[in-house]
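Structure first, commentary second.
No value in this document is a laboratory result; all are computed from the given coordinates. Computed from a predicted model, the values in this text were never measured in an experiment. Neighbour counts are summed over all protein chains in view; Cβ atoms, including those assigned to glycine, are modelled from backbone coordinates with ideal geometry.
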Amino acid sequence: MIHKVIIIGSGPAGYTAAIYAARANLKPVVIEGYQSGGQLMITTDVENYPGFPKGIMGPELMPLFREQAARFGTELITKDVTEVDFDSKPFKVKVGTEVFETKTVIIATGASAMLLGLPSEKRLMGKGVSACATCDGAFFRNEKLAIVGGGDTAVEEALFLTRFASEVHLIHRRDKLRASKIMQEKALKHPKIKIIWDTVVDEIVGKESVEGLKLKNVKTGAITDFACGGIFVAIGHKPNTQLFEGKLKMHNGYLVTENKSTKTEIPGVFAAGDVQDHYYRQAVTAAGSGCMAAIDAERYLENLGE
């Protein structure tokens with residue numbers, strides 16, 4: 001059997017693409033992956049997704065997306081894609097020993113925030129540890145906050161957090177920032193931002209939520225206690241594109257799409273959400289591009305006479 005649309009991935013982009021493709025009677029198959037739901041599955045309160053004025057938990061929101069996709073007839077497979085072949089038509093998507101053939105593919109595998117790798121970070125994720133200031137900053141009003149990183153993203157997030165926090169401490173492992181000059185100047189001039197140089201986070205302290213950090217000076221090895229109400233990790237994102245290396249054009253690991261569309265350089269292969277968006281990286285923008293990908297796939301199929 002040759003499918004019309006196979007969607008790889010299952011965050012807001014993948015499920016939204018499925019909703020639109022299913023309503024267009026394209027009978028989409030979503031290969032969700034074993035860890036379905038994307039980054040929202042490790043987000044506690046989501047207060048900026050339209051339609052939920054009282055907010056909603058990330059792990060509550062994603063099953064609603066999934067249910068809506070299933071309601072319109074989407075086939076859902078909770079396994080990982082192991083290989084793709086875009087060299088010949090129909091395209092082949094391999095799941096273990098099973099091979100699916102399809103006329104179009106929508107890639108919505110998302111991105112993963114790079115984390116510090118501490119056991120305490122995993123345990124307190126969503127309980128004072130966050131990888132997204134724009135998602136979670138408003139929960140930390142009048143708190144003393146820490147943010148880890150030294151690039152433009154870290155400085156942008158630090159500046160954003162000053163709207164809510166009493167003070168923001170930017171923790172950087174080197175003695176100078178990697179951020180652009182204009183961003184550095186903004187951070188250094190801001191009365192609420194203090195920079196802790198030559199330092200890494202050795203431990204995140206807290207039982208039920210973040211109470212503080214143990215900081216280690218990389219030059220002296222000295223460990224100091226730092227009290228704070230939350231820590232934001234801004235050391236970068238890694239798009240989940242390993243499966244497509246050497247098969248599709250990428251820039252800094254992100255899939256490249258044609259201007260104002262979700263088309264990749266291979267006709268019939270589309271990319272949506274954080275796997276191709278290094279700039280906005282929000283659930284609502286991912287959902288929007290999932291809609292675009294489904295419409296792009298539908299028009300592509302129409303042109304084939306489907």
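Brief remarks follow.
- The chain, dipole about Cα centre (Lys/Arg Cβ +1, Asp/Glu Cβ -1), debye to the nearest 20: 580 debye
- Amide H to amide H, with H built 1.01 Å from N, residue 57 comes under 5 Å of 46, counting only residues 5 or more places away or on other chains.
- Annotation for residue 134 and residue 188: the two label points, set 7 Å from Cα along the Cα-Cβ direction, are 2.7 nm apart.
- Once the C-beta distance of residue 225 and residue 34 is scaled by a Förster radius of 41 Å, the resulting FRET efficiency is 0.60 to the nearest 0.05.
- Phi angles across the range 196-203 convert, under the Karplus curve 6.51 cos²θ - 1.76 cosθ + 1.60 with θ = phi - 60°, into 3J(HN,Hα) values of 9, 7, 6, 9, 10, 8, 8, 7 Hz, Gly and Pro given as x.
- Residue with peak Gaussian network fluctuation, the chain [Cα springs, cutoff 10 Å], from 20, 279, 254: 279
- Across the options 256, 96, 266, the greatest Cα extent toward the positive end of the charge dipole of the chain (unit charges at beta carbon of Lys, Arg, Asp, Glu) belongs to 256.
- Taking amide hydrogens as placed 1.01 Å from N in the peptide plane, the amide H of residue 203 sits under 5 Å from those of 214, each at least 5 positions away in sequence or on another chain.
- DSSP beta bridge pairing in the range 115-233, given as percent antiparallel to the nearest 5: 40 percent
- About its Cα centre, the range 115-233 has a charge dipole of approximately 220 debye under the convention of +1 per Lys or Arg Cβ and -1 per Asp or Glu Cβ, with nothing else charged.
- Segments 201-208, 3-10, 83-90, 282-289 sorted - mean Cβ within 10 Å per residue, highest first: 3-10, 282-289, 201-208, 83-90
- Restricting the range 218-262 to trypsin sites (Lys or Arg not before Pro) in coil, as DSSP defines it, with at most 12 other Cβ within 10 Å: 219, 249, 260
- Considering helices alone, the calculated mean residue ellipticity of the chain at 222 nm is -7500 deg cm²/dmol, with DSSP H runs of length four and up weighted by -39500 (n - 2.57) and normalised per residue.
- Shown in residue order for the range 89-104 are the 3J(HN,Hα) couplings computed by the Karplus curve 6.51 cos²θ - 1.76 cosθ + 1.60 at θ = phi - 60°: 9, x, 5, 10, 10, 9, 10, x, 8, 8, 10, 9, 9, 8, 7, 9 Hz (x for Gly and Pro).
- If both residues of a DSSP beta bridge must be in the chain, then about 45% of such bridges are antiparallel.
- The fewest-to-most ranking of 71, 281 by surrounding Cβ atoms within 10 Å reads 71, 281.
- Pairwise label distance in nanometres, residue 75 with residue 238, each label 7 Å out on the Cα-Cβ vector: 3.2 nm
- Prolate/oblate/rounded label for the range 129-225 (Cα gyration tensor, a/c 1.5): oblate
- Annotation: amide H of residue 106 within the under-5 Å range of 6, 7, 8, 270, sequence separation 5 or more or interchain, hydrogens built in the peptide plane.
- Counting only cysteine Cβ atoms and a cutoff under 4.7 Å, the chain contains unmatched residues 228, 291.
- Take each peptide in 119-126, 169-176, count the other Cβ atoms within 10 Å of every residue, and average; sorted highest first, the result is 169-176, 119-126.
- Difference of contour (0.36 nm per residue) and Cα-Cα distance, residue 251 to residue 47: 70.3 nm
- For the range 298-306, 3J(HN,Hα) computed residue by residue from phi via the Karplus equation (6.51, -1.76, 1.60; θ = phi - 60°) reads 4, 5, 4, 5, 4, 5, 7, x, 7 Hz, glycine and proline entered as x.
- Estimated from the Cβ-Cβ distance and a Förster radius of 45 angstrom, the FRET efficiency linking residue 141 and residue 112 is about 0.95.
- Residue 68-residue 176 pseudo-label distance in nm [points 7 Å out on the Cα-to-Cβ vector]: 4.8 nm
- Estimated translational D of the range 191-306 in µm²/s (Stokes, Kirkwood radius over Cα pairs; 20 °C; 1.002 mPa s): 120 µm²/s
- Histogram of C-alpha separations across the chain, 10 Å bin width, %: 6, 26, 29, 20, 13, 4, 0
- The Cα center of the range 228-306 and the Cα center of the range 128-166 differ in position by 26 Å.
- Beta bridges per DSSP, both residues in the range 1-154: antiparallel share near 45 percent.
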